[in-house]
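Student: Shown below is the structure under consideration.
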Amino acid sequence: MGNAFFGCCGCIDQASIGIIERWGRFERLAEPGLQFFNPIAGQWLAGVLSTRVCSLDVRIETKTKDNVFVQLLCSIQYRIVKENADDAFYELQNPKEQIQAYVFDVVRALVPRMTLDELFEQKGEVAKAVLEELEKVMGAYGYSIEHILMVDIIPDAAVRRAMNEINAAQRLQLASVHKGEAEKILQVKKAEAEAEAKYLGGVGVARQRQAITDGLRENILNFSHKVEGTSAKEVMDLIMITQYFDTIRDLGNSSNNTTVFIPHGPGHVRDIGDQIRNGLMEAASARVDTE
């Protein structure tokens, strides 16, 4: 619904303000509603201004401190102050161009002092500086600056690609560090598991040998007591011959196709027994010397 005007009256819409002149000179402001004026006395409605909040998008291209060209999209929300509507009507012919010029001046004076990273981090400071400057300047012309929004910061396409590559490289580096740490932990755990397995294997072998020794000793004692006239050496030789033939049998029954050459004969069995006895005697002698 628009403003309606007739010969001596006019209807001004809500959220609007009228400018009444007498003989070309400002006389008063006309509030929303039906307004009467006397054309014969030189009164007439010179114009109507909206007091609604308006939005102006300004795109600024500038350069940062580290020589990166960027485009900033700034949204300015402003309105006419109802009490000072006559200043807004008479002082400025094109308020949008005036606001845009001041935004350009402030942004291009402030952004070249910042690097690109600082600009992204402190875009609120840029908007605050623009707001302070516009409030000071446009307030004298009857305009109120409601909000300044730094909507977007758009670097050059090549700079965006470089920033993405840097970010990707940093993430790959971090992933490599985590992967290396995981492999290190895996190797440590594997080494610990191998050491534990070897330790347990050694304990098992020691227990096995102890069991074999205990069994042999028991067999020798039992055989010596039950068979009169036999010595421990003879019993030991008999057991060794039995173990020798058991070993030959196991090798023959093995499913692996492996050829093993071993000396065979009664004399060789005696030599093996002599070597074992000599080793035991040398070990006992060495233990006695150390004590």
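The values are calculated or read from the model by the stated rules, or taken from the named source; none is laboratory data. In this text the structure is predicted, and so the values were computed from the model without any measurement. We place every Cβ from the backbone using ideal geometry, glycine too, and count neighbours over all the protein chains shown. We work out accessible area using only protein heavy atoms, side chains counted, and drop any ligands, DNA or RNA first. Shrake-Rupley method; radii C 1.70, N 1.55, O 1.52, S 1.80 Å.
Student: In the range 108-117, what residues are outside any loop (DSSP other than H, G, I, E, B) and either polar (S, T, N, Q) or open to solvent by 70 Å² or more (accessible area, probe 1.4 Å) (or both)?
Tutor: Of everything in the range 108-117, those that are outside any loop (DSSP other than H, G, I, E, B) and either polar (S, T, N, Q) or open to solvent by 70 Å² or more (accessible area, probe 1.4 Å) (or both) turn out to be Arg108, Arg113, Asp117.
Student: Of all the residues that make up the range 129-144, how many are open to solvent by less than 40 Å² (accessible area, probe 1.4 Å), farther than 19 Å from Leu49 by Cβ and touching a strand residue (DSSP E or B) at 6+ places or on another chain (Cβ under 6 Å)?
Tutor: Adding up the residues that qualify gives 1.
Student: What do you reckon, is Lys198 assigned to a helix (DSSP H, G or I), within 34 Å of the chain's Cα centre (by Cα) and not hydrophobic (A, V, I, L, M, F, W, C)? Quick ask: steps written out before the conclusion?
Tutor: On the way: assigned to a helix (DSSP H, G or I): yes; within 34 Å of the chain's Cα centre (by Cα): no; not hydrophobic (A, V, I, L, M, F, W, C): yes.
It is false that Lys198 is assigned to a helix (DSSP H, G or I), within 34 Å of the chain's Cα centre (by Cα) and not hydrophobic (A, V, I, L, M, F, W, C).
Student: Just checking, does the range 145-158 include any residue being of a type in the set (A, V, I, L, M), within 20 Å of Tyr78 (Cβ to Cβ) and open to solvent by 70 Å² or more (accessible area, probe 1.4 Å)? Give the derivation first.
Tutor: Applying the first criterion (of a type in the set (A, V, I, L, M)) to the range 145-158 yields 145, 148-151, 153-154, 157-158.
Retained after the next criterion (residues that are within 20 Å of Tyr78 (Cβ to Cβ)): 145, 148-151.
Okay, now just the ones that are also open to solvent by 70 Å² or more (accessible area, probe 1.4 Å), so 149, 151.
Scanning the range 145-158, I find at least one residue that is of a type in the set (A, V, I, L, M), within 20 Å of Tyr78 (Cβ to Cβ) and open to solvent by 70 Å² or more (accessible area, probe 1.4 Å), so the answer is yes.
Student: So Ala46 fits all but one of (1) surrounded by fewer than 16 Cβ atoms within 10 Å (Cβ to Cβ); (2) among the small types (Gly, Ala, Ser); (3) at pLDDT below 90; (4) part of a strand (DSSP E or B); what number is the exception?
Tutor: Against the list (1) surrounded by fewer than 16 Cβ atoms within 10 Å (Cβ to Cβ); (2) among the small types (Gly, Ala, Ser); (3) at pLDDT below 90; (4) part of a strand (DSSP E or B), Ala46 comes up short only on (1).
Student: Out of all the residues in the range 77-102, which are touching a helix residue (DSSP H, G or I) at 6+ places or on another chain (Cβ under 6 Å) and either within 30 Å of Arg161 (Cβ to Cβ) or among the β-branched types (Val, Ile, Thr) (or both)?
Tutor: Within the range 77-102, Ile80 is the sole residue that qualifies.
Student: Here is a further query. With respect to Phe120, determine if the residue is among the aromatic types (Phe, Trp, Tyr), touching a residue at least 40 places away in the same chain (Cβ under 8 Å) and under 19 Å from Val68 (Cα atoms).
Tutor: Spelling it out, it is not the case that Phe120 is among the aromatic types (Phe, Trp, Tyr), touching a residue at least 40 places away in the same chain (Cβ under 8 Å) and under 19 Å from Val68 (Cα atoms).
Student: Looking at (1) surrounded by 13 or more Cβ atoms within 10 Å (Cβ to Cβ); (2) touching a Lys or Arg at 6+ places or on another chain (Cβ under 9 Å); (3) at pLDDT below 85, which is the one condition that is false for Gln35?
Tutor: Among (1) surrounded by 13 or more Cβ atoms within 10 Å (Cβ to Cβ); (2) touching a Lys or Arg at 6+ places or on another chain (Cβ under 9 Å); (3) at pLDDT below 85, Gln35 violates only (2).
Student: Of the residues Lys82, Lys96, Lys63, Lys136, only one is at pLDDT below 90, farther than 30 Å from Leu29 by Cβ and not hydrophobic (A, V, I, L, M, F, W, C); which? Full working, then the answer.
Tutor: Working: Lys82 fails: farther than 30 Å from Leu29 by Cβ; Lys96 fails: farther than 30 Å from Leu29 by Cβ; Lys136 fails: farther than 30 Å from Leu29 by Cβ.
Every option except Lys63 fails the conditions.
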